[in-house]
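Each remark here refers to the structure printed beneath this line.
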Amino acid sequence: MKISVCGKGGSGKSTIVSLLAIQAASRGLEVLVVDSDESNSGLFHMLGFQEAPVPLMELVGGKNQLKEKMKQPGIWAEQWIDPSDIPSPHVQRQNGLAMVSIGKILQSFEGCACPMGVLNREFLSKIRLNKDALAIVDMEAGVEHFGRGIEKNIDTVLLVIEPSRESIYVAEKIRDMTAGMGKRPVAVLNKIGSGRLVTRLVKEIVEREIEVVGVLRNDPAVFEACLEGFPLNQGEAFHEAGGILDRLLIQP
């Protein structure tokens, strides 16, 4: 299964990706995390790695060569990509958990992230997972990646919705854009502080014909782990993520 995690900037996508990935790995599943957010650089800490993988963009020759390869039928020479064939240092691995990064914007005047979007779309179309394997993709904020067709090769689109009107608006846009791909997104509510807020948000999301598969309440353990650079492998949110994973694994 390939799951993309989407939503408004700051809604907690990387947190959800980390919680789900570590939960899945703890159950013995093979997990590949794909960092396709070109601006956020802290995901590897949340997963428990000491350093980030060298971006796959460098594996295919860097941004300039990538732009040239975009004129060709494909970027990757291989017809299929097996996660075990990705060479170090372009992948980090430990305890059944692997992480790759598509690429990052690191300098001013570097240009748009379109080449990285094309690379990500082809990578997700060619990656081949074992029966007990899971790919979780940390998408860039907003909806631009839907315009690039990246979710075409995704099985489940998971919306992260925080308690804000803007987050709900972004969720609506994503719902409409996934409908154009013949997909229906599901949602997890994040940063929830009270039961009353859960009731109101669930009502609003269900009215928009989006299924809610779980709720993550404010957990001090998450904030502390993110501040210290520790993996997100404990606390109330970690256990709540287990229930969300159960729901995602039975999605049609």
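Here are the numbers for the structure shown:
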read-out: Cα convex hull of the chain - mean projected area over all directions, nm²; value: 13.2
read-out: For peptides 188-201, 23-36, 61-74, 159-172, sequence by mean Cβ density within 10 Å, most packed first; value: 23-36, 159-172, 188-201, 61-74
read-out: Beta bridge orientation in the chain: antiparallel %, DSSP, nearest 5; value: 10
read-out: CD proxy at 222 nm, helix term only [per DSSP H run n ≥ 4: -39500 (n - 2.57); per residue of the chain; nearest 500]; value: -11500 deg cm²/dmol
read-out: Amide hydrogen neighbours beyond the local backbone of residue 137, cut-off 5 Å, H modeled; value: 3, 4, 5, 34
read-out: Share of alpha-carbon pairs per 10 Å distance bin for the range 149-252, given as whole %; value: 14, 42, 34, 10, 0
read-out: Counting DSSP beta bridges with both ends in the range 32-163, the antiparallel % (nearest 5); value: 25
read-out: Mean-position separation - Cα centroids, the range 40-88 and the range 181-223, in angstrom; value: 32
read-out: On Cα atoms only, tilt of 114-126 relative to the major axis of the chain in degrees; value: 90
read-out: R0 of 35 Å, Cβ-Cβ distance residue 79-residue 169: FRET efficiency to nearest 0.05; value: 0.30
read-out: Highest-first arrangement of 176-186, 209-219, where packing means the average Cβ count within 10 Å; value: 209-219, 176-186
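Bear in mind these aren't lab numbers, they're just calculated from the coordinates by the rules spelled out. Not measured: the values here are computed from a predicted model. Note: ideal-geometry Cβ built from the backbone for every residue, glycine included; neighbour counts use all protein chains shown.
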